[in-house]
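Structure, as structure tokens:
No lab work stands behind these numbers, since they all come straight from the coordinates. Only a predicted model underlies this, so the values are computations on that prediction, with no experimental measurement involved. Counting neighbours? That spans all protein chains shown, and the Cβs are built from the backbone with ideal geometry, glycine included.
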Ligand SMILES: C[S@@+](CC[C@H](N)C(=O)[O-])C[C@H]1O[C@@H](n2cnc3c(N)ncnc32)[C@H](O)[C@@H]1O
């Protein structure tokens, strides 16, 4: 067995011109909304890790505990092959699964290049027996995985924790699940985490913690636009709200203009009246049944399901319906 010392890294981050186009499209919409991945520069990734440690935000703790406790069962259900993780973050959740599964290779995908590189280098040190290939990309736009020797001739399985599918609208989520089915290929399985609906007060507190970390995370989006797209937004001129929208089963995380203002970003001017919102992120909450109504037409069927004792969230093992 060859022990690996350094993961390989491929950088397919969207070019500045593509970011500018996405921002102009998003600011031209009603309500104004930007792709959630723009929240994750290096500082955004650091702040997201801090959100996971806030007492109000239980998702990270509960899902990590479930993954730790059930790693052996989950590995047996996935089976051999390459493990591809979508939106891998700090790579904390995958450790026990790697230990139990010993995949032919591990391929974390994330938009946040420096954070991915550092997290993957740390993980490689802890798991030198698993070859790793980190890919910085927008996974929602990835038609195929790069042709790379680590990915050749192996069955591919997906890992998508954190309920990140909730950042996409239902039609986008369905398209993403179809894309994952194509990208992973025949015989693949997808282990996906979904967060279930909860009382409004709990969800609003989870996305607007008392320490203000969620608010800082959302405002960092404006700092990022200023830096990367020559913006002049004043983060202190926007309040932050997290609101449960029951009719859509989602939390809206919004930056609300506190005055009438004209801002400039990505080469254009944008008028905000006092109270106008910029949606930083939606987080949809699904029952298992509602989620399967998206996943089944996208080519997946339910294999197994694991939940925490309080039923806050579930890990679903999806199997490609054609295999
Ligand atoms: C909510 S965090 C979840 C992190 C980790 N999977 C977890 O469960 O704790 C979302 C992660 O996905 C990444 N991300 C968000 N949108 C992305 C996209 N479209 N393409 C690639 N990475 C994305 C972010 O950088 C971040 O690390």
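Taking square-rooted eigenvalues a ≥ b ≥ c of the alpha carbon gyration tensor, is the stretch 46-153 rounded, prolate or oblate, where a/c under 1.5 means rounded and, failing that, a/b exceeding b/c means prolate? Note, shape of the stretch 46-153 comes out oblate.
Between residue 141 and residue 126, the distance separating the two model label sites (each 7 Å from Cα on the Cα→Cβ line) works out to 3.1 nm. Net length available on complete extension from residue 301 to residue 182 is 41.4 nm, with 0.36 nm assigned per residue and the Cα-Cα distance removed.
On a 0 to 90 degree scale, rounded to 10, what angle separates helix 59-69 from the longest Cα axis of the chain? It works out to around 10 degrees. To the nearest 10 degrees, how steeply does helix 42-51 sit against the main Cα axis of the chain, on a 0 to 90 scale? Orientation of helix 42-51: about 80 degrees from the principal axis. Placing R0 at 22 angstrom, the Cβ-Cβ distance between residue 232 and residue 18 gives a FRET efficiency of 0.55 after rounding to 0.05. Once the Cβ-Cβ distance of residue 9 and residue 102 is raised to the sixth power relative to R0 = 25 Å, the FRET efficiency obtained is 0.70. Taken along the Cα-to-beta-carbon direction at a fixed 7 Å, the label points for residue 321 and residue 273 span 4.5 nm. With the cut-off at 1.5 for a/c, could you classify the stretch 118-208 from its C-alpha gyration tensor as rounded, prolate or oblate? It comes out oblate by the Cα gyration axes.
As a length-normalised measure over Cα pairs under 8 Å and 6 or more apart, the relative contact order of the chain settles at 21 percent. Compute the acute angle (0 to 90°) between the alpha-carbon long axis of helix 16-27 and the principal axis of greatest extent of the alpha-carbon atoms of the chain; round to the nearest 10°. Rounded to the nearest ten degrees, it is 60. Of the residues 61, 301, 21, the one that moves most in a GNM of the chain with alpha-carbon contacts below 10 Å is 21. Spin-label pair residue 210-residue 262: with each label point 7 Å from Cα along the Cα-Cβ axis, the two points sit 4.4 nm from one another. Computed from the Cβ-Cβ distance with R0 of 25 Å, the FRET efficiency linking residue 61 to residue 200 stands at 0.75. If the segment from residue 114 to residue 239 were pulled out straight at 0.36 nm per residue, it would be longer than the present Cα-Cα gap by 42.1 nm.
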